[in-house]
1. Out of all the residues in segment 328-339, is one or more modelled with pLDDT of 70 or more and hydrophobic (A, V, I, L, M, F, W, C)?
2. If you go through segment 467-482 one residue at a time, do you hit one that is touching a helix residue (DSSP H, G or I) at 6+ places or on another chain (Cβ under 7 Å), of a type outside the set (Asp, Glu) and within 19 Å of Asn172 (Cβ to Cβ)?
3. For a quick check of your reading of the model, give me the residue pairs whose first member lies in segment 549-569 and is outside any helix (DSSP H, G or I), whose second is of a type in the set (Phe, Trp, Tyr), with beta-carbon atoms closer than 8 Å and at least 6 apart or on different chains.
4. Is at least one residue of segment 24-34 open to solvent by less than 20 Å² (accessible area, probe 1.4 Å), in contact with a helix residue (DSSP H, G or I) (Cβ under 9 Å, 6 or more places away or on another chain) and at pLDDT 75 or above?
5. Based on this model, can you work out whether Ile459 counts as at pLDDT 85 or above, in contact with a helix residue (DSSP H, G or I) (Cβ under 6 Å, 6 or more places away or on another chain), surrounded by 14 or more Cβ atoms within 10 Å (Cβ to Cβ) and closer than 30 Å to Ala70 by Cβ?
6. Look at Ala196 and say whether it is modelled with pLDDT under 90, of a type in the set (Gly, Ala, Ser) and outside any strand (DSSP E or B).
7. May I ask you to verify whether Ile182 is surrounded by fewer than 23 Cβ atoms within 10 Å (Cβ to Cβ), under 25 Å from Ser420 (Cα atoms) and in contact (Cβ under 8 Å) with a residue 40 or more places away in the chain?
8. Which ones in segment 77-113 are under 22 Å from Thr442 (Cα atoms), of a type in the set (A, V, I, L, M, F, W, C) and modelled with pLDDT of 90 or more?
Amino acid sequence: MAHSARWRGWIWLGLVLAYLLWPSSSYAQNATPISITIDQVGFDAQGHVLNNGWYPVITTIENTGADIQAQVVVETGFGQADLLQTVDLPGGARKQVRLLMRANLNQSVVTIKVLDQQGKQLALNRSNIRVHDSAEVLVGVFGGPASSLAGAAIPGRLTTIMLLDPAQLPSNDGELFNFGAIVLQDVQPTAEQAAALERWVATGGTLIVSGGPNAAELPKELAALLPGSLSRSNSSAVLTSLNKQTVPQFAQVELKVNQLTPNAEATPLGLGANNEPLLLSRKLGTGHVLLTAFNPSDLPAEVNDRRVWPVILQPQLYRDWNVALSPWSMQIRGSDQNLPSIFTFMGILFGYILLIGPINYFVLRRLDRREWAWFTIPLIVFGFVGIMYLAGGDLRTGNINVTTINVVDSQLGAQQGRVSVNYGFNAGRRGAWNGSIDSSLTAGNQSTQTFGDNGSGTIEQTSDNRTLLPNWQSNIGDMQTLAAIGTIAVPYNFEIKIAKPNSWEGATITNRSERTVEYAVVFAGEDSIVLPTLEPGASVTIDNSLNRVNQSSPSLNSNDQLNQALQLLWSAGNERTNYNGLPKNSLYTAPHISVLDTEVLHEIMVDGLAAPQKSSNIYNLYVDLEQR
């Protein structure tokens, strides 16, 4: 009895010790020398971003332990990694990691993890994100006082003003897509940022540059885009007219100004009491560049209950085609995904019937071993199954075939444009794949699908801006989709002389490109006109003899691949209104010439080899018919 009591005592003592030691053991097991500090998610502290735009995720990783190679992983939901970057973390190192994530409306929290090479979690942190619908407007104010444009709201639309440091001005096309308008106050963009801003304006952005007394000088790299120049005067002026409207209430607005000198492309948008230009505007593509003689932060939001900024801020809606474009919609498969020819099929079938029937019978009869048929018939069946499998595999080539739809948006005469790329990867066999795309492009998931079968393909962005597609699973016939954005050279240019302002009627279009234009369509609202083939230097005058298409998709008749791409683009743009009754795609309704070709623009590498690719390219060159 005493022996039993002694054992019970030892058991109780063990349980008490285990209970007391358990927390410290757990802590020791979970302790890690890796820590994550979130520096920035989105563009401001609230994480405001726009649907389908790319936004920065910037973190600082600190390692107080031994050297380690780790992965910084970004998740936006369901525990699936959307983005990663591999980093070397020596002991005692602190490294900042910058990734670009594509936004969609389902995102509300961004989770950043650090994993070791075995996938074990070493650290974790989270941040909220606020993704705005594409009908909403984000205005980025770079530089200037904290009160800048606090009342610059647009009636009927949710407008968010973000006060940002000039160092945050993006140079990436995907990041600029977030903004409907950008205000620069005493900011000097780099050449790369200036080129990106030009592409952004051409696709519908409104750029406001301050030439007021608070600006030391105008941005040098933007000089060619601005509608005028300025002389420093720092005098007083009274705003009396805005956007060609004489508004008596504005007589109360006295501003400190510099003197503006308009150039040939300028339109005075704001005038002073002495008819001096206080606000100049210039159209560029589908957007506008504005130059103020005053500090934008000095302009009041309201005067006598009349709102001032809405007549200045006119950002376009739906400045991107990625919302509607998808290789799934085109139903185009890779160029090698074809059925076998009828002769190949009949040959294999005839050989199978001949071998399993007459030849097998006569050979076994000649050998007097007809009972061997129990063995030879299955052997022949298995043999032909193998032949059919190899024949099918040969037709599929065993590779990934890539379909790309490249939509390039630019203003007439520009040498560069913004390219929106939609990828479709079609597998010829089941397996795991490793790919990479051009370093000039920033990739992101389509809004309806995570890349890779069941989200198996995480997008990797390297520290030198390359995009890798590591270890993604795909089955035969599956199509994985991916979106990307970047910049590309525009090989097409036209000289346009119009007969009457703001109309294509009687316009003469001359091909000033160094290449022949085979497939081109003029868009003017709902009216589409298919142009004939134009050699370099050749001209065509728009009249009733040309193929006009009203209320239906243009057809080029001689190229099915381009017809499908053009029909898809037309369908995306022809949805004229959204649920709020606002214009759904201002890029489509703006006057432009679309040129189509099938040149492969970006080489896609899969498992170290260039993947077979079928490319449909649509170059949209926006035309200001008032300036022609």
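1. First, pick out the residues of segment 328-339 that are modelled with pLDDT of 70 or more: none.
No - not one qualifying residue is present in segment 328-339.
2. No, segment 467-482 contains no residue that is touching a helix residue (DSSP H, G or I) at 6+ places or on another chain (Cβ under 7 Å), of a type outside the set (Asp, Glu) and within 19 Å of Asn172 (Cβ to Cβ).
3. Ser553/Trp570; Pro554/Trp570; Leu556/Tyr519; Asn559/Tyr519
4. The first filter runs over segment 24-34 and keeps only residues open to solvent by less than 20 Å² (accessible area, probe 1.4 Å), leaving 34.
Next, from what is left, pick out any that are in contact with a helix residue (DSSP H, G or I) (Cβ under 9 Å, 6 or more places away or on another chain): none.
The answer is no, given that none of the residues of segment 24-34 is open to solvent by less than 20 Å² (accessible area, probe 1.4 Å), in contact with a helix residue (DSSP H, G or I) (Cβ under 9 Å, 6 or more places away or on another chain) and at pLDDT 75 or above.
5. On the way: at pLDDT 85 or above: yes; in contact with a helix residue (DSSP H, G or I) (Cβ under 6 Å, 6 or more places away or on another chain): no; surrounded by 14 or more Cβ atoms within 10 Å (Cβ to Cβ): yes; closer than 30 Å to Ala70 by Cβ: yes.
Considered against the rule, which asks whether it is at pLDDT 85 or above, in contact with a helix residue (DSSP H, G or I) (Cβ under 6 Å, 6 or more places away or on another chain), surrounded by 14 or more Cβ atoms within 10 Å (Cβ to Cβ) and closer than 30 Å to Ala70 by Cβ, Ile459 comes out as no.
6. Working: modelled with pLDDT under 90: no; of a type in the set (Gly, Ala, Ser): yes; outside any strand (DSSP E or B): yes.
In short, no.
7. Details: surrounded by fewer than 23 Cβ atoms within 10 Å (Cβ to Cβ): no; under 25 Å from Ser420 (Cα atoms): yes; in contact (Cβ under 8 Å) with a residue 40 or more places away in the chain: yes.
Answer is no for this residue.
8. Within segment 77-113, Leu83, Leu84, Val87, Val97, Leu99, Leu100, Met101, Ala103, Val109, Val110, Ile112 meet the criteria.
The values are calculated or read from the model by the stated rules, or taken from the named source; none is laboratory data. Everything numeric here is computed off the predicted structure, so don't read it as measured data. Cβ sites come from the backbone with ideal geometry, for glycine too, and all protein chains shown count toward neighbours. Heads up: the accessible areas ignore ligands, DNA and RNA and are worked out on the full protein's heavy atoms, side chains in. Shrake-Rupley method; radii C 1.70, N 1.55, O 1.52, S 1.80 Å.
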